[in-house]
Amino acid sequence: MIGYYAFCHRSGAPLSEPTHYDEDGRAWRSVLSGDGDDDDRRVGELTNGAVRSTRQALVTYFRRTHRRHCEFDAELYRRAALAISRLKRAATGEQAADRYVWYALQHRFDELGYDVQWMHAHAGLRCPGCHGRLKFDDDHDGVVHAECGTNCDGTTDDQMARIRETVASLYTAAFDGSAAHPEEVLQF
């Protein structure tokens, strides 16, 4: 993940709040000690996260963020590891971005009857074209619309349909016999 939700894309460890600047003036955050074996080797490494993280990093991030809201749940963590593996294996092209894997995972656990609302607090939707921030609007009928904040494609097209389609197609590809429809995913 990138931006506010960034974590170490190799280990899943959290990143520092203060930024560090390199010789070219670019801002970076450092990897903090986490609870994984690989975390200690990466402590101090500079990163801003990544659009695509490793399977293990997403599993670690899921566990860490879940524990902020709920009690430790070994069975849920095993299910999450398996589901993330399936999603990462099935992902092609833009589907492999962390945000799509995260929201497909959220939909999977929602379908299985788990409380998943907490997951919204740990991922953010980004523009499918440039990974920039989105501007959201509610048209007062309960439908959320989003357009690219930087207007990367030169239009004011609603990006939510494309985002929902990507999540739904990834979910369907990863879980044989389980079809997700775009209007069912990303319910706020």
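Couple of notes before you dig in:
- Verdict on Ala97 being among the small types (Gly, Ala, Ser), in contact with a helix residue (DSSP H, G or I) (Cβ under 6 Å, 6 or more places away or on another chain), crowded, with 17+ Cβ neighbours inside 10 Å and in the same structural domain as Ala179 (by the TED database): no
- Residues in segment 39-69 that are among the aliphatic types (A, V, I, L, M), surrounded by fewer than 19 Cβ atoms within 10 Å (Cβ to Cβ) and out of contact with any Asp or Glu (no Cβ under 7 Å at 6 or more places or on another chain): Val43, Leu46, Ala50.
Yes/no matrix, rows are residues, columns are (1) surrounded by 14 or more Cβ atoms within 10 Å (Cβ to Cβ); (2) assigned to a helix (DSSP H, G or I):
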{"position": "Arg79", "(1), (2)": "yes, yes"}
{"position": "Leu82", "(1), (2)": "no, yes"}
{"position": "Ser85", "(1), (2)": "yes, yes"}
{"position": "Ala104", "(1), (2)": "yes, yes"}
{"position": "Arg108", "(1), (2)": "yes, yes"}
{"position": "His145", "(1), (2)": "yes, no"}
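- Looking across segment 163-188, the residues that are under 18 Å from Val101 (Cβ atoms), at pLDDT below 90 and in a helix (DSSP H, G or I) come down to Pro182, Glu184.
- Of the residues screened, Val116 is not one that is of a type in the set (A, V, I, L, M, F, W, C) and open to solvent by 20 Å² or more (accessible area, probe 1.4 Å).
- Per-region count, segment 11-27, residues surrounded by fewer than 13 Cβ atoms within 10 Å (Cβ to Cβ) and of a type outside the set (Phe, Trp, Tyr): 9
- Just one of the listed residues (Glu183, Glu75) is under 20 Å from Val59 (Cα atoms), open to solvent by 20 Å² or more (accessible area, probe 1.4 Å), more than 18 Å from the chain's Cα centre (by Cα) and of a type outside the set (A, V, I, L, M), namely Glu75.
- Pair list, Cβ under 6 Å, 6 or more apart: segment 69-94 residue without any contact (Cβ under 8 Å) to a residue 40 or more places away in the chain, other residue open to solvent by 70 Å² or more (accessible area, probe 1.4 Å) and not polar (S, T, N, Q): Tyr77/Arg63; Ile84/Arg55; Ser85/Arg55; Lys88/Arg55
- Scanning segment 119-141 for residues that are among the small types (Gly, Ala, Ser) and touching a Gly at 6+ places or on another chain (Cβ under 7 Å) yields Gly124, Gly132.
- In segment 119-136, the residues that are in contact with a helix residue (DSSP H, G or I) (Cβ under 8 Å, 6 or more places away or on another chain) and either buried (at least 19 other Cβ atoms within 10 Å of the Cβ) or not assigned by the TED database to the domain that holds Leu58 (or both): Met119, His122, Ala123, Leu125, Arg126, Pro128
- When Tyr171 is tested against the conditions (1) of a type outside the set (A, V, I, L, M, F, W, C); (2) surrounded by fewer than 17 Cβ atoms within 10 Å (Cβ to Cβ); (3) in contact (Cβ under 8 Å) with a residue 60 or more places away in the chain, the lone failure is (2).
The values are calculated or read from the model by the stated rules, or taken from the named source; none is laboratory data. Fair warning: this is a prediction, and the values are worked out from it, not measured in the lab. Cβ sites come from the backbone with ideal geometry, for glycine too, and all protein chains shown count toward neighbours. Remember, those area values only see protein heavy atoms, side chains included, never the ligands or the DNA or RNA. Shrake-Rupley method; radii C 1.70, N 1.55, O 1.52, S 1.80 Å.
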